[in-house]
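Remarks on the structure that follows.
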Amino acid sequence: MTRTALVTGGSRGIGAAISKALKAEGHNVAATYAGNDEAAAAFTAETGIKTYKWNVADYDESAAGIAQVEAEVGPIDIVVANAGITRDAPFHKMTPEQWHQVIDTNLTGVFNSVHPVWPGMRERKFGRVIVISSINGQKGQFAQVNYAATKAGDLGIVKSLAQEGARAGITANAICPGYIATEMVMAVPEKVRESIIGQIPAGRLGEPEEIARCVTFLASEDSQFINGSTISANGAQFFV
């Protein structure tokens, strides 16, 4: 069945792979982006997927953007909260600004992306909330106290939403990717990348499409009984 899916941060990296995969499943997809107009325009030209610009850290912007998507594309039944940033620093050097920027985007941004569509999901008795967390939200990471805190918080969000939404036909689940071959990871020095791969039993980085396939399953009608769960997609690097 065709649904309308919103993918935040959906025009680049893992988000772009998710947007494409959901479209391939027959869904109407809207992808948000924060600031790179050129990249968003190129993504739309390549895929035909509409892109919308707003800051997920701002509730009013998010609510207005979601209202525009629903007016143009249709009522949103699938939300993939993928947008995220890093502002890395060892804790003793981390500034309040670095803390709040990451919290506002990666954690509050999930609230801002789901809260406006929640009443409609409840009314229609169907919804899929899929939050892209991280391996570092499960195990922590040096110089990422802010990032790890948000990604751990994402897991609490889905566990709570699952309990609230289950009787209304809504599921909420998280995916924790390990190290994925995105532009950001591929841009690090080769020696650093080799060191990262050396920690992964699978012996390689993950591919964005592998995360996207997890999303398409969780977004499907077949996943109804999977609720409040976390999929760890990390090549056996870390177990919970």
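The values are calculated or read from the model by the stated rules, or taken from the named source; none is laboratory data. As the structure is a computational prediction, the values presented were derived from the model and not from experiment. Cβ coordinates were reconstructed from backbone atoms using ideal geometry, including for glycine residues, and neighbour counts include every protein chain displayed.
Among the residues making up the range 151-169, those that are surrounded by 14 or more Cβ atoms within 10 Å (Cβ to Cβ) and either more than 17 Å from the chain's Cα centre (by Cα) or on the phi > 0 side of the Ramachandran plot (or both) are Gly165, Ala166, Ala168, Gly169. Scan the range 190-203 and give yes if some residue there is without any contact (Cβ under 8 Å) to a residue 60 or more places away in the chain and closer than 24 Å to Val110 by Cα, otherwise no. Checked the range 190-203: no residue is without any contact (Cβ under 8 Å) to a residue 60 or more places away in the chain and closer than 24 Å to Val110 by Cα. Val102 falls short of the stated requirement of being touching a residue at least 24 places away in the same chain (Cβ under 8 Å), crowded, with 17+ Cβ neighbours inside 10 Å and touching a strand residue (DSSP E or B) at 6+ places or on another chain (Cβ under 7 Å). Check the range 62-85 and report whether any residue there is at pLDDT below 95 and either touching a Leu at 6+ places or on another chain (Cβ under 9 Å) or part of a loop (DSSP other than H, G, I, E, B) (or both). Within the range 62-85, not a single residue is at pLDDT below 95 and either touching a Leu at 6+ places or on another chain (Cβ under 9 Å) or part of a loop (DSSP other than H, G, I, E, B) (or both). If you check Gly65, Gly15 for being of a type outside the set (D, E, K, R), under 16 Å from the mean Cα position of the chain (by Cα) and closer than 21 Å to Arg128 by Cα, only one passes: Gly15. Report yes if some residue within the range 216-225 is modelled with pLDDT of 95 or more, surrounded by 18 or more Cβ atoms within 10 Å (Cβ to Cβ) and out of contact with any Asp or Glu (no Cβ under 6 Å at 6 or more places or on another chain); otherwise report no. Looking for residues that are modelled with pLDDT of 95 or more, surrounded by 18 or more Cβ atoms within 10 Å (Cβ to Cβ) and out of contact with any Asp or Glu (no Cβ under 6 Å at 6 or more places or on another chain), one finds at least one in the range 216-225, hence yes. The set of residues in the range 182-240 being among the small types (Gly, Ala, Ser) and part of a loop (DSSP other than H, G, I, E, B) consists of Ala187, Ala202, Gly203, Ala219, Ser220, Gly228, Ser229, Gly235, Ala236. What number of residues in the range 158-214 are hydrophobic (A, V, I, L, M, F, W, C) and in contact with a Lys or Arg (Cβ under 6 Å, 6 or more places away or on another chain)? Total satisfying the criteria: 1. Beta carbons closer than 7 Å, at least 6 apart along the sequence or on distinct chains, pair a first residue in the range 157-182 that is in contact (Cβ under 8 Å) with a residue 12 or more places away in the chain with a second that is buried (at least 23 other Cβ atoms within 10 Å of the Cβ) and of a type in the set (Lys, Arg) for Thr171/Arg128. Within the range 106-132, being surrounded by 17 or more Cβ atoms within 10 Å (Cβ to Cβ), in contact with a Gly (Cβ under 7 Å, 6 or more places away or on another chain) and assigned to a loop (DSSP other than H, G, I, E, B) holds for one residue alone: Phe126.
Residues in the range 133-181 that are closer than 17 Å to Ile211 by Cα and in a loop (DSSP other than H, G, I, E, B): Ser133, Ser134, Gly178, Tyr179, Ala181. Restricting attention to the range 221-240, the residues being closer than 22 Å to Gly13 by Cα and of a type in the set (S, T, N, Q) number 4.
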